[in-house]
Amino acid sequence: MEQERQKKAKKKNKTFAIVLIAIIMVGASFGVYKYIQGQRHVETDDAQVEANISPITPKVSGFVKKYYAEDNQHVNAGDTLVVLDDSDFIIKVKQAETVLAYAKSNVQSSGANLQTAEANVQSTTYNTQAAEGNIELAKVRYERTESDYKRYAELIKTKSITDQQFEQAKADRDAAASQLEVAKRQYEAMTRETSARKSQAVMSQKGVSLAEALVKEREADLAYAKLQLSYCYIIAPISGTVSKKNVQVGQLVQAGQSLYALVDDQDKWVIANYKETQVEKMKVGQTVELEADAFSDIMFMGKIQSISPVTGAKFSLLPPDNSSGNFVKIVQRIPVKIVLDKNDNNKLLRAGMNVIVDVQLK
């Protein structure tokens with residue numbers, strides 16, 4: 001009996017030794033594997049799928065007339081999503097068109113006034129030139145009659161002419177002097193009138209410029225009214241899937257109010273939050289393997305596009321302040337942006353999904 005117990009004990013010891021050696025070998029192999037993998041790969045499960053999410057908001061306030069998109073519906077860029085009641089905006093466009101037409105008529109009227117003023121300037125300028133010519137003629141006549149008068153004054157002293165001839169020469173000189181004075185006054189009057197006509201033409205030109213500026217202003221008002229009218233039709237800025245619907249027919253919506261969230265289903269990427277101790281050997285362009293929790297049998301591939309210059313904690317609402325003296329060292333995480341390789345499987349991913357990221361360092 002004693003021998004049998006000794007045999008069983010030896011057998012148990014042998015079995016235990018074999019199991020222990022096997023465990024040690026497995027543990028050592030696993031440790032070597034993890035060490036080698038740690039030299040070639042860096043993993044994290046703190047990663048999520050990201051996508052562009054465009055808020056669909058109206059630019060003007062109004063009542064919803066009709067909407068065309070439901071939750072989780074795919075739409076293309078340029079598709080109409082919501083139509084607002086545009087009655088008030090149509091009236092404003094018509095008012096702007098009427099005011100613009102009136103402003104254009106003022107330009108035509110001001111242009112006609114300017115043409116009349118310019119014609120008056122030309123006419124008075126011609127009359128002024130004629131008056132100036134009359135002065136020259138009157139001067140010639142006066143100089144001739146003055147010369148005759150002086151000659152007759154010498155002749156009357158010697159009784160070579162009659163008193164009647166002398167008096168006639170004097171009368172001719174006085175008449176010529178009066179005509180010269182009248183011609184000068186006419187010239188001065190025409191000069192003043194020409195100046196007034198020119199001032200009137202300048203004012204007419206300013207009136208035309210003002211009317212043209214007013215037309216441009218009214219054109220801008222019309223363009224703005226049409227722009228406001230176009231805002232009654234809310235269109236999709238990108239292709240994607242509609243989500244978070246918050247609109248009903250007859251609802252009064254305000255400018256800037258969120259009606260939909262439009263998720264871009266073409267451009268997706270992953271933000272992986274790696275520990276600061278893991279990014280030492282990471283570089284832009286390194287290959288990445290990704291496994292989504294929702295699709296464990298599908299391997300997604302990508303590349304590192306960029307590494308954040310700051311830790312995620314710096315963008316938090318209340319970033320840590322270690323200068324207070326109450327310091328506890330916490331390993332920080334650095335966001336790493338990973339772009340996915342083009343693949344039809346990428347359509348399966350949804351923004352916010354958790355993924356496991358494995359960066360291949362070598």
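Pull up region 241-256, narrow it to residues that are over 12 Å from Ala69 (Cβ atoms) and surrounded by 14 or more Cβ atoms within 10 Å (Cβ to Cβ), then point me to the one that is farthest from the chain's Cα centre (by Cα).
Gln251
Candidates in region 91-110 are the residues that are of a type in the set (D, E, K, R) and at pLDDT 90 or above; of these, the one that is nearest to Arg218 (Cα to Cα) is Glu97.
For region 39-66, filtered to residues that are aliphatic (A, V, I, L, M) and part of a strand (DSSP E or B), the residue that is surrounded by the fewest Cβ atoms within 10 Å (Cβ to Cβ) is Ile53.
Only a single criterion out of (1) free of Cβ contacts under 8 Å to residues at least 40 places away in the same chain; (2) closer than 30 Å to Ile56 by Cβ is not satisfied by Leu229, namely (1).
Go through the residues of region 279-299 one by one and say whether even a single one is among the hydroxyl-bearing types (Ser, Thr, Tyr), assigned to a loop (DSSP other than H, G, I, E, B) and within 23 Å of His41 (Cα to Cα). Steps first, please.
So in region 279-299, the residues among the hydroxyl-bearing types (Ser, Thr, Tyr) come out as 287, 296.
Now narrow it down to the ones that are assigned to a loop (DSSP other than H, G, I, E, B): none.
Within region 279-299, not a single residue is among the hydroxyl-bearing types (Ser, Thr, Tyr), assigned to a loop (DSSP other than H, G, I, E, B) and within 23 Å of His41 (Cα to Cα).
Let's see how each residue does on (1) surrounded by fewer than 18 Cβ atoms within 10 Å (Cβ to Cβ); (2) closer than 20 Å to Ala138 by Cβ; (3) outside the structural domain of Gln122 (by TED's automatic domain parsing); (4) within 60 Å of the chain's Cα centre (by Cα):
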site	(1), (2), (3), (4)
Ile161	yes, no, no, no
Asp172	no, yes, no, no
Ala175	yes, yes, no, no
Glu181	yes, yes, no, no
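The number of residues in region 313-335 being touching a residue at least 24 places away in the same chain (Cβ under 8 Å) and under 32 Å from the mean Cα position of the chain (by Cα) comes to 1.
Yes/no matrix, rows are residues, columns are (1) among the β-branched types (Val, Ile, Thr); (2) out of contact with any strand residue (DSSP E or B) (no Cβ under 7 Å at 6 or more places or on another chain); (3) in contact (Cβ under 8 Å) with a residue 12 or more places away in the chain; (4) in a helix (DSSP H, G or I):
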site: Ala138; (1), (2), (3), (4): no, yes, yes, yes
site: Asp148; (1), (2), (3), (4): no, yes, yes, yes
site: Ile161; (1), (2), (3), (4): yes, yes, no, no
site: Ala171; (1), (2), (3), (4): no, yes, no, yes
site: Tyr187; (1), (2), (3), (4): no, yes, yes, yes
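The values are calculated or read from the model by the stated rules, or taken from the named source; none is laboratory data. Everything quoted here is computed from the prediction, not taken from an experiment. Methodologically, a virtual Cβ is constructed for each residue, glycine included, from the backbone with ideal geometry; neighbour enumeration extends over all protein chains shown.
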